[in-house]
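What follows is a short report on a single structure.
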Amino acid sequence: MKKPEKLIVDGKRLDGRTPDELRPLKIEAGILERADGSASVELGANKVLAAVYGPREMHPRHLQQPDTAVLRCRYNMAPFSVDERKRPGPDRRSVEISKVTREALEPVLFLELYPRSAIDVFIEVLQADAGTRTAGITAAAVALADAGVPMRDMISSVAVGKIDDTRVLDLTKDEDNWGTTDMPIAMMPRKKLITLLQMDGHFAKEEFGQALDLAFKGCEQIYGAQRQALRDKYAIKKGE
Ligand code: UDP
């Protein structure tokens, strides 16, 4: 597709959304039998799975920490998940995303409860349309809760950005390509603490505040869907 003259026409984006609207979101918890915890997230055309194993004894043993568990995260993109086949295996991008995912999740975990252990988080992107790192973090947080790992708060994650000089929530690949700024955020939705903030492009100071507000609102919505997914899995009806 060629870059259209405008990415927002009459207040509507290329896919018909308003600037503060998320793509259609579907979250499911407990989808994999052999993982201790798991979740899937579909956000627009993104399809992402997360599987959690542990806390379990850390192997290899020399990586054990005597006073804490170690969180290990691996983000992986399937070769068929993108238009131009992605070469299988780790690359710079997936190593970076795995690292920031670990850092986004660690603050809500009580790792000190499980000395000498590992908690392993695997994120598999099956279909990508921008925002996969944030969808992966959202899925991983639900999978951790599904595994019964104690958590201080949930982690909800979404990207905000700027297209046609307008702040928008949850960019598609086209918006990411043709827009000027992409800012993935992860946060604790109840404590309102940010655990991931990256930025490709830039915001003026007041734009940054507005973008952050937009991300907070988006994360609140994602948090609602995360809780609902866990409620559905454990069949807790409202009021019980
Ligand atoms: N992408 C791609 N090939 C790659 C890596 C990324 O086509 O090897 C696409 C994919 O749709 C991805 C998007 O580019 O979602 C944006 O990638 P970015 O690195 O910004 O991460 P994301 O937005 O997915 O967290």
Q.
For region 73-171, take every pair of Cα atoms, bin their distances at 5 Å starting from 0, and report each bin as a whole percent.
A. 2, 12, 21, 21, 17, 14, 8, 4, 1, 0, 0
Q. How big is the gap, in Å, between the Cα center of region 41-104 and the Cα center of region 159-211?
A. 23 Å
**Q.** Amide H contacts of residue 73 (H built 1.01 Å from N, under 5 Å, at least 5 apart or other chain)
**A.** 121
Q: DSSP loop (so not H, G, I, E, B), at most 15 other Cβ within 10 Å: list which chymotrypsin sites (Phe, Trp or Tyr not before Pro) in region 63-159 pass both filters.
A: 110
Q: Give the residues of region 32-60 whose amide nitrogen is closer than 18 Å to a point set 7 Å from the Cα of residue 14 in the direction of its Cβ.
A: 43-47
Q. Where in region 167-240 are there trypsin sites (Lys or Arg not before Pro) that are in a DSSP coil and have at most 14 other Cβ atoms within 10 angstrom of their Cβ?
A. 190, 191, 192, 237, 238
Q | Once the Cα gyration tensor of the chain is diagonalised, semi-axes √(5λ) in Å | A | 31, 19, 17
Q. Residues of region 6-109: accessible area per residue at 1.4 Å, in Å²?
A. 57 Å²
Q) Carbon and sulfur together cover what percent of the accessible area of region 108-223 at a 1.4 Å probe radius? A) 50 percent
Q | Å² per residue, accessible surface of region 115-240 at 1.4 Å | A | 42 Å²
Q: For each pair in 12/233; 6/191; 99/205; 99/173; 162/233; 192/233, compute the distance between the two Cα atoms and list the pairs where it is over 30 Å.
A: 12/233; 6/191; 162/233
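The values are calculated or read from the model by the stated rules, or taken from the named source; none is laboratory data. All values derive from a computational prediction rather than experimental measurement. Positions of Cβ are generated from backbone atoms using ideal geometry, with glycine treated the same way; all protein chains shown enter the neighbour counts. The area values use the complete protein model at the heavy-atom level, side chains included, leaving out ligands, DNA and RNA. Shrake-Rupley method; radii C 1.70, N 1.55, O 1.52, S 1.80 Å.
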